[in-house]
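The values are calculated or read from the model by the stated rules, or taken from the named source; none is laboratory data. Remember, predicted model here, so these are calculated numbers, not experimental data. Cβ placement follows ideal geometry from the backbone for every residue including glycine, while neighbour counts extend to all protein chains displayed.
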Amino acid sequence: MRVVLTAAATADLDLATRWYDNQVEGLAARFLDEYEALLTRLGDNPLQFPAIRGTTHRAGFRHFPYGLFFRLRDHQVGVNPGKGTKRDIGFEAMLGSGNTEKLEASRG
């Protein structure tokens with residue numbers, strides 16, 4: 001099945017990738033590898049992921065506290081922005097302005 005990322009999902013992917021890149025060297029690459037593997041699994045069998053409300057499903061990552069929300073439409077999987085769980089600590093505010101001082105302060 002064809003997997004289509006919405007513009008919001010693409011923007012969220014970029015933001016999450018930058019956040020992971022600022023955490024530990026190589027973490028963003030591992031995140032992207034898992035993201036791509038999850039998209040492949042979505043395309044192969046989207047119904048393996050549970051519906052959480054109506055026709056909206058959630059596909060969780062195996063090694064990151066992150067998930068993708070999607071709906072099946074017209075023989076394609078429409079992926080909406082992913083959401084962190086434990087990771088959801090406001091990285092939008094930390095990276096939105098290009099300011100990494102808050103990120104460094106949150107580490108120490």
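A compact table of results
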| item | result |
| --- | --- |
| Matching residues, the range 43-80, being assigned to a strand (DSSP E or B), exposed (fewer than 15 other Cβ atoms within 10 Å of the Cβ) and polar (S, T, N, Q) | Thr56 |
| Flag for Glu92 being outside any strand (DSSP E or B), modelled with pLDDT under 50, charged (D, E, K, R) and surrounded by fewer than 17 Cβ atoms within 10 Å (Cβ to Cβ) | yes |
| The range 15-57, subset over 17 Å from the mean Cα position of the chain (by Cα) and among the charged types (D, E, K, R), residue modelled with the lowest pLDDT | Arg53 |
| All positions within the range 23-42 that are among the charged types (D, E, K, R), loosely packed, with under 13 Cβ neighbours inside 10 Å and either in contact (Cβ under 8 Å) with a residue 24 or more places away in the chain or in a helix (DSSP H, G or I) (or both) | Asp33, Glu36 |
| Meets criteria (in contact (Cβ under 8 Å) with a residue 60 or more places away in the chain, assigned to a strand (DSSP E or B), surrounded by 15 or more Cβ atoms within 10 Å (Cβ to Cβ) and among the aliphatic types (A, V, I, L, M)) for Val4 | no |
| Residue in the range 63-70 that is without any contact (Cβ under 8 Å) to a residue 24 or more places away in the chain, of a type outside the set (D, E, K, R) and over 21 Å from Ala29 (Cβ atoms) present | yes |
